[in-house]
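J.: The structure that follows is given in the form of structure tokens.
Every read-out reported here was derived from the displayed coordinates using simple, explicitly stated rules and does not represent laboratory data. This one's a predicted model, so the numbers in the text were calculated from it and none came from an experiment. Virtual Cβ from ideal backbone geometry, glycine too; neighbours counted across all protein chains shown.
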Amino acid sequence: MRKHLAPVTAEPTAADLAAIEAEWPLIAAELDVLDAEITLIYAEDHGGPTALDWRRLRRAEARVNRAAADLADRTTDPRRAA
């Protein structure tokens, strides 16, 4: 038996949108890592990943680390708020 979910009618608040905006660099960096990982998986069927594929993954992971550190700094230091 299926349960029906109540429709969501509430819009995001200004605070919700601000939180998403503040986290967006981290979200974008994580999407870059995902894209690089998908490229590696796809490359397995086409002769294996190249050195450039691995470099792309390492750079994307480094961007995630930098974005996460920056976000943590901004949330703990109110003077750095965007």
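J.: Output needed: percent of Cα pairs per 5 Å distance bin for the chain, bins running from 0 to the one holding the longest distance.
T.: 3, 13, 15, 14, 12, 10, 11, 10, 8, 3, 0
J.: Let me ask something additional. Subtracting the Cα-Cα distance from 0.36 nm times the residue separation, let me have the gained length for Arg59 to Thr13 in nm, one decimal.
T.: On the way: separation 46, 0.36 × 46 = 16.56 nm, distance 3.41 nm.
My answer for the length gained is 13.2 nm.
J.: Something else: Exposed loop sites here are trypsin sites (Lys or Arg not before Pro) in DSSP loop states with at most 13 other C-beta atoms within 10 Å. What is the longest stretch of the chain lacking them?
T.: Values: sites that count: Arg2, Lys3.
Between exposed loop sites, the widest span is 4-82.
J.: Sticking with this structure for a sec: Can you figure out the FRET efficiency of Thr76 with His46, using R₀ = 41 Å and their beta-carbon distance, to the nearest 0.05? Please list the in-between numbers first.
T.: Values: r = 44 Å, r/R0 = 1.08.
About 0.40, to the nearest 0.05.
J.: Helix 51-76: angle to the longest alpha-carbon principal axis of the chain, degrees 0 to 90, nearest 10?
T.: 20
J.: Another question about this same structure. With a 10 Å cut-off between alpha carbons and a GNM built on the chain, which of Ala14, Ala36, Ala67 moves the most?
T.: Most flexible of the set in this elastic network: Ala14.
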